[in-house]
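Note sheet for the following structure.
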Amino acid sequence: TTVFGSAVTTLVTMVLLVVVSFSMAALSNEQQTRALRMVASRDDLTGLLNRKAFLNLAAEQLADLSIAKGTGALVLADLDHFKAVNDTYGHAAGDVALQTFADACAATVRSTDLVGRYGGEEFVILIPGASAERAEIIAKSISRRLAAAATVDGMDMPTVSYGISTYDGATTDVERLIASADAALYRAKSLGRNRTARSDRML
């Protein structure tokens, strides 16, 4: 028995096609928006968070005391004598060193940790729930991965100096944490580089 005529069937089919088309377009736009947001938050060379994205996400984590009870560590890392790498082997080799260090970081930290390129050859890592001792172990593990990486055109991977600051929920100021880690990093470099130094106080 014919329930609907051919005209009604055609109309229903057209309506369904329009609905599906709009749904696909909306999904595509959402995917494009997500992709653009991802690109805007990532460093072009290393694929890590860029400075702005790291600072924003770190501030959110510090403000949320439910994350590791508001405690953790921040690590500031600087590749030693990086200018000499560029001058001796070229900027392409320097880029490889930066990418290799970024890969070593990503392979070492947890998915819940934040890793960003802070600028140039400086990187920053936020590790919720970590003590200074745990952060130091992570830094050493990153350096071991970097040292074990394949050489490029005879270039050994550079060593790395680290500064560590810790927090206990009393601060939500990312810049203060970074400044504290930077002071520790300066001390590590003044002691001969290729080492880790801790901040004198918890923030």
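The values are calculated or read from the model by the stated rules, or taken from the named source; none is laboratory data. None of the values given here were measured: they were computed from a predicted structure. Positions of Cβ are generated from backbone atoms using ideal geometry, with glycine treated the same way; all protein chains shown enter the neighbour counts. Note: accessible area is taken over every heavy atom of the protein model, side chains too, but ligands, DNA and RNA are not part of it. Shrake-Rupley method; radii C 1.70, N 1.55, O 1.52, S 1.80 Å.
What to note about this one:
- The chain - Rg and Dmax from Cα coordinates, angstrom: 24.1, 91
- When the charge dipole of segment 135-197 is built from unit charges on Cβ atoms (+1 for Lys and Arg, -1 for Asp and Glu) and taken about the Cα centre, the candidate among 149, 164, 180 whose Cα reaches farthest toward its positive end is 149.
- Spatially near lysine pairs across the chain, Cα under 25 Å, sequence gap of 8 or more or different chains: 5
- Our note on the geometry: Cα centres of segment 46-74 and segment 183-201, 22 Å apart.
- Net charge over other residues, Cβ less than 12 angstrom from the Cβ of residue 158 (K, R count +1; D, E count -1): -2
- Segment 59-170 - charge dipole about Cα centre, Lys and Arg +1 at Cβ, Asp and Glu -1, debye rounded to 20: 320 debye
- Surface analysis of the chain yields an accessible area of 57 Å² per residue, using protein heavy atoms and a 1.4 Å probe.
- Under a model in which nothing but the beta-carbon of Lys, Arg (+1) and Asp, Glu (-1) is charged, the chain shows a dipole of about 300 debye around its Cα centre.
- In this Cβ point-charge picture (+1 for Lys and Arg, -1 for Asp and Glu), segment 38-101 has a dipole of about 180 debye about its Cα centre.
- Residue order by solvent-accessible surface for 143, 190 is 190, 143, largest first, with ligands and nucleic acids left out and a 1.4 Å probe.
- With DNA, RNA and ligands ignored, accessible area of residue 151 (1.4 Å probe; Å², nearest 10): 80 Å²
- Stokes-Einstein diffusion for segment 99-177, with the hydrodynamic radius set to the Kirkwood value over Cα pairs and evaluated at 37 °C in a medium of 0.692 mPa s, equals 240 µm²/s.
- Accessible area of the chain belonging to carbon and sulfur atoms, whole % at 1.4 Å probe: 57 percent
- Take every pair of alpha-carbon atoms less than 8 Å apart whose residues are at least six positions apart; their mean separation over the length of the chain yields a relative contact order of 24 percent.
- Solvent-accessible surface (1.4 Å probe) assigned to residue 89 amounts to roughly 100 Å².
- Rolling a 1.4 Å probe across all protein chains gives residue 193 an accessible area of roughly 80 Å².
- Maximal additional length on extending the residue 88-residue 189 stretch stands at 34.2 nm, based on 0.36 nm per residue less the C-alpha distance.
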